[in-house]
Structure formats: structure tokens, C-alpha cells
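Participant: Structure in C-alpha cells, see below.
The values are calculated or read from the model by the stated rules, or taken from the named source; none is laboratory data. Note that the structure is a prediction, hence the values are computed from the model and not measured. Note that each Cβ is placed from the backbone with ideal geometry, even for glycine, and that neighbours are counted across all protein chains shown. To get the accessible areas, we keep the full protein, side chains included, count just its heavy atoms, and leave off ligands, DNA and RNA. Shrake-Rupley method; radii C 1.70, N 1.55, O 1.52, S 1.80 Å.
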Amino acid sequence: ILPGVEITARCEGLPDGEIHIVGVGLNPFHVPLRKALTRIRVAKAKRFNALTKTLQERYPQLKAQLFAMTRPGSELQKWDVVRTLVALHAADSEREAKRSIVDPIWRELEADIPIPILNVDEVCQLIRQAGGVAIWAHPHESVTELDPERLAHWLRQFKQAGLDGVEAHRSKLS
């Protein structure tokens, strides 16, 4: 079993402005990597708490639903909130709930609770320093509107930044 981590990296020029990079085969005790991940995790937890508080004010029944989903030793994620909003009929689909309800609030909270997002080259460098390889996770989500030439452009850019590989297939069922 190889240790790994998925990290969001900033990438100006892509539709969402970010990509996900998976680091595989790395040393999970590498101090600089752990420090960077801790800073990100703490900031995300603060913003997530503010997000759920805001949503609970708008959708009072959300609190009981999220509480029922909480399991010892686990943390709720944004997608748990998205799915719950759909179950509560606040949105017709997960995509709609994420884009029209959750994402706008998440962005509003950005000024008060910033999350440190590293650039692609910084993420690749951290992963490599920790002894791992850096893989662009689910690129189809980042480049859905881009033609093959644009995809090739981004692959060249990311390779120069230290990227080692690209996820080629991602099944929703696996």
C-alpha cells in the first residue's frame, strides 16, 4: 500500500482556477508536507464550520440531517452538505446545490477565512521532496471546455512545474 494525498493547487487560466494533484508513494511524515497540509486543513475546517452555520440559518432542518450523518472519528465534507441539500429539496441536483448554494457562500467566506492554496509547482515540489510522484487527478473536470490543443498546453505547463503523471480514467462507480 502506497501512502498518498490529494492537494488542491492554484492554476490561473483554467475555468475553476485550480486543479487537484495526487501525491503517491510519499513519506507521510515529511515535515514540510505535514506543515503545509495542516495549515490548509485548519483553514478549511474554519471555513467549513462557517459555511454550515450560514446554511443552517437558511435551512434549519440541515442541522439535524448533518448531525445524523456524523460518525465518530470522521469529518463532514462539502459533498456531504451538497447531498443533504438535495435530500432536503433545496436543489434538484448535486451540481445545482454545489454551484448555486454552497460555492457562492464558500467564496463569500474567502475574505474572512482564507485557505492557503499553493501553486502547481509548489505542490509538485512538496510531493517530490517528500519522495513521492505528483499526478494530476481527474483532469477532465478541469478541462471540460478545452480542446486537445489546450489540454496539451496544460500538460506541458504542468510537466515543467514538476508533474509526473495524469489520471487517465475515473469511473464514478469505482
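Participant: In segment 79-90, what count of residues is obtained for those that are open to solvent by 60 Å² or more (accessible area, probe 1.4 Å) and either among the hydroxyl-bearing types (Ser, Thr, Tyr) or over 17 Å from PRO60 (Cβ atoms) (or both)?
Facilitator: Count: 2.
Participant: Which ones in segment 99-122 are assigned to a loop (DSSP other than H, G, I, E, B) and over 14 Å from the mean Cα position of the chain (by Cα)?
Facilitator: Within segment 99-122, LEU109, GLU110, ALA111, ASP112, ILE113, PRO114 meet the criteria.
Participant: Look at VAL31 and say whether it is more than 18 Å from GLU110 (Cβ to Cβ), open to solvent by 80 Å² or more (accessible area, probe 1.4 Å) and not aromatic (Phe, Trp, Tyr).
Facilitator: For VAL31, the condition - more than 18 Å from GLU110 (Cβ to Cβ), open to solvent by 80 Å² or more (accessible area, probe 1.4 Å) and not aromatic (Phe, Trp, Tyr) - is met.
Participant: Let me ask something else. Examine segment 125-135 for a residue that is open to solvent by less than 70 Å² (accessible area, probe 1.4 Å), modelled with pLDDT under 90 and either touching a strand residue (DSSP E or B) at 6+ places or on another chain (Cβ under 8 Å) or not in a strand (DSSP E or B) (or both), and state whether such a residue exists.
Facilitator: no
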